[in-house]
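Notes follow once the structure below has been shown.
The values are calculated or read from the model by the stated rules, or taken from the named source; none is laboratory data. This structure is a prediction, so every number in the text was calculated from the model and none was measured. Don't worry about glycine lacking a Cβ; one is built from the backbone with ideal geometry, like all the others, and counts go over all protein chains shown.
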Amino acid sequence: MDLIGPTSQSFISQRTKLHYADWGNRDAPPLILQHGGRDHCRSWDWVAEELRADWHVICPDLRGHGDSEWTNTGVYPMTSYVYDFAQLVHQLELAPVTVVAHSLGGNIATRYAGLYPDKVRKLVSIEGLGPSPKVQAEQAKTPWYEHRTQWIDKKRDASSRLPKRYASFEDALDRMHEANSYLSREQAEHLTRHGAIRNEDGTWSWKFDPHLHAWPPDDLTLEQVEELWARIACPTLLVYGNDSWASNPVADGRIAAFGENVSVSDYDRAGHWVHHDRFEDFVAEVRGFIG
């Protein structure tokens, strides 16, 4: 008999209805799989199917993503994402929870683990430490007030444009495949099927809020973020693809901000989406690490 897929559930955070996919097995230990920016919870389906027999797998959609609501303001600061994550763990009574997170999701999860060291059992973060020191140094050359005027311009531009429309599902699928050439056509079709929505005129658009392109300029300082990394108490695995644009923390020095309970794993023939690009090897490593 084929396995039944996840159920769609929701919770309220900051007066916003947020969606998550629940893979059942509620008596098993809780495991959150958190997606990254401009992605969606169903991108974890392959991983969830591998781990659901031993874990109660929960895959949240970030606000403004997937089937979660968009904010009325179109502003998505990191503090809101972290609050939403904290609310999910709190409302579903998941602590101590095991977390596997990608990109923006990894940034959220590492901050949460630093804020609440006793609530995270183990953490896997796939390229989730944010901009590299080199990128941050380049950004620092622009005065802080110019970053804010640039954000205003991006917000104004986002407010004046409708979500991008594709004439057919195949056009949207081609764009998905183009964004990550490591994906098989089958993988790209699945991600597009759950990541796009059909408009009333028959065209297709991505589900995420276009305002996500305008990243808010206000955030913690680098020193504050590194202080949170140092507070993480659980065993932590940082995963990187050797063909990715993301900077490996061993090479750029950020690993020094973590304690002794952190390890780094890197994969050849993998870009930013290591959990897709090297799926079988990734699942085997994660299964062994989370125990």
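Quick one: which helices (runs of 4 or more DSSP H) sit completely within the range 55-142 and have at least 3 residues that are within 24 Å of Leu191 (Cα to Cα)?
Per the criteria, 78-91, 104-115.
Can you tell me which of (1) charged (D, E, K, R); (2) touching a helix residue (DSSP H, G or I) at 6+ places or on another chain (Cβ under 7 Å); (3) assigned to a loop (DSSP other than H, G, I, E, B); (4) farther than 13 Å from Leu18 by Cβ is the one Glu50 doesn't meet?
(3)
For the range 41-90, enumerate the residues that are of a type in the set (Asp, Glu) and either touching a Cys at 6+ places or on another chain (Cβ under 7 Å) or on the phi > 0 side of the Ramachandran plot (or both).
Asp61
Which condition number in (1) of a type outside the set (Ser, Thr, Tyr); (2) under 30 Å from Ile152 (Cα atoms); (3) assigned to a helix (DSSP H, G or I) is the one that Asp39 fails?
It fails just one condition, (3).
Which residue, of Ile197, Ile255, is without any contact (Cβ under 8 Å) to a residue 24 or more places away in the chain and either among the aromatic types (Phe, Trp, Tyr) or over 26 Å from Gly114 (Cβ atoms) (or both)?
Result: Ile197 is the single residue among Ile197, Ile255 that is without any contact (Cβ under 8 Å) to a residue 24 or more places away in the chain and either among the aromatic types (Phe, Trp, Tyr) or over 26 Å from Gly114 (Cβ atoms) (or both).
Consider only pairs whose beta carbons are under 6 Å apart and that are at least six residues apart or on different chains; among these, list those whose first residue lies in the range 155-178 and is closer than 23 Å to Trp215 by Cβ and whose second residue is aliphatic (A, V, I, L, M) and at pLDDT 95 or above.
Lys155/Ala214; Ala158/Ala214; Met176/Ala188; Met176/Leu191
When the range 1-15 is examined, which residues are found to be hydroxyl-bearing (Ser, Thr, Tyr) and either surrounded by fewer than 17 Cβ atoms within 10 Å (Cβ to Cβ) or modelled with pLDDT under 95 (or both)?
Thr7, Ser8, Ser10 - these are the residues of the range 1-15 that are hydroxyl-bearing (Ser, Thr, Tyr) and either surrounded by fewer than 17 Cβ atoms within 10 Å (Cβ to Cβ) or modelled with pLDDT under 95 (or both).
Could you grab me the full set of residues in the range 268-291 that are under 20 Å from the mean Cα position of the chain (by Cα), under 19 Å from Tyr182 (Cα atoms) and either surrounded by 20 or more Cβ atoms within 10 Å (Cβ to Cβ) or of a type in the set (Lys, Arg) (or both)?
Ala270, Gly271, His272, Trp273, Val274, His275, His276, Asp277, Arg278, Phe282
Table: residues versus (1) surrounded by 23 or more Cβ atoms within 10 Å (Cβ to Cβ); (2) in contact (Cβ under 8 Å) with a residue 24 or more places away in the chain; (3) within 19 Å of Ile197 (Cα to Cα); (4) among the charged types (D, E, K, R).
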{"residue": "Lys17", "(1), (2), (3), (4)": "no, yes, yes, yes"}
{"residue": "Arg26", "(1), (2), (3), (4)": "no, yes, no, yes"}
{"residue": "His56", "(1), (2), (3), (4)": "no, yes, no, no"}
{"residue": "Pro60", "(1), (2), (3), (4)": "yes, yes, yes, no"}
{"residue": "Asp67", "(1), (2), (3), (4)": "no, yes, yes, yes"}
{"residue": "Tyr83", "(1), (2), (3), (4)": "no, yes, no, no"}
{"residue": "Ala86", "(1), (2), (3), (4)": "no, yes, no, no"}
